[in-house]
Amino acid sequence: QVQLAESGGGLVQAGGSLRLSCAASGRTFNSYNMAWFRQVPGKEREFAAAISWSGGRTYYADSMKGRFTISRDNAKNTVHLQMNSLKPEDTAVYYCTAGTGWPLGLRGSYSYWGQGTQVTVSS
């Protein structure tokens, strides 16, 4: 089992940057693909970015390509989401998730979820 804890959310102006972090417990972190999803009230949780268990493959939602970068450090059991050129529409609760399913952009591919961290982008 994996427990996940996100941090790094906050309030930022449009055009700014934030770096989200997710700390994972458990000795099998490097067995899991990791991803970030986001959700706004009244909407479905949507895929943002994913990284394979080895870190060798990354995937992004179209609206995040070129602005967001996902990375992981298997030695430290952490995954990060660097978010640049933030827009007001990026405002959401961001969730870290771990899983072994496929495809990586599918919510059902993940089994473990953190509590989320709020990101607010002001215009």
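The values are calculated or read from the model by the stated rules, or taken from the named source; none is laboratory data. It should be emphasised that the depicted structure is a prediction, and the values quoted were computed from it without experimental measurement. A quick note on method: Cβ atoms are made from the backbone with ideal geometry, for glycine too, and the neighbour counts reach across all protein chains shown. Keep in mind that these areas ignore ligands, DNA and RNA; they rest on the heavy atoms of the full protein, side chains included. Shrake-Rupley method; radii C 1.70, N 1.55, O 1.52, S 1.80 Å.
Across segment 72-123, the fraction of Cα-Cα pairs farther apart than 15 Å, rounded to a whole number, is 60%. Across all Cα pairs in segment 33-89, the calculated P(r) in 10 Å bins from zero up to the longest distance comes to 22, 52, 23, 3 percent per bin. Under 5 Å from the amide H of Gly116 lie the amide H atoms of Glu6, Cys96, each residue being 5 or more positions distant or on a separate chain, with H modelled from the backbone and absent for Pro and chain starts.
Normalised by 2.2 N^0.38 Å, where N counts its residues, the alpha-carbon radius of gyration of segment 15-60 equals 1.37.
A simple rule links phi to the HN-Hα coupling: the Karplus curve 6.51 cos²θ - 1.76 cosθ + 1.60 with θ = phi - 60°, which for segment 94-101 gives 9, 10, 8, 8, 10, x, 10, x Hz, with x for Gly and Pro. Largest first, the extents of the alpha carbon coordinates of the chain on the three principal axes equal 41, 26, 25 Å.
Exposed loop sites are taken as trypsin sites (Lys or Arg not before Pro) in a DSSP loop (any state but H, G, I, E or B) with at most 11 other beta carbon atoms within 10 Å; the longest stretch of the chain without one runs 77-123.
For segment 25-59, the residues whose backbone nitrogen is under 17 Å from a point 7 Å from the Cα of Gln118, taken along Cα to Cβ, are 38-43. Across segment 12-25, rounded Karplus estimates of 3J(HN,Hα) from the backbone phi angles (6.51 cos²θ - 1.76 cosθ + 1.60, θ = phi - 60°) give 9, 7, 4, x, x, 10, 9, 10, 8, 10, 9, 9, 10, 9 Hz, Gly and Pro being marked x. Averaged over its residues, segment 1-63 has an accessible area of 56 Å² per residue, based on protein heavy atoms and a 1.4 Å probe.
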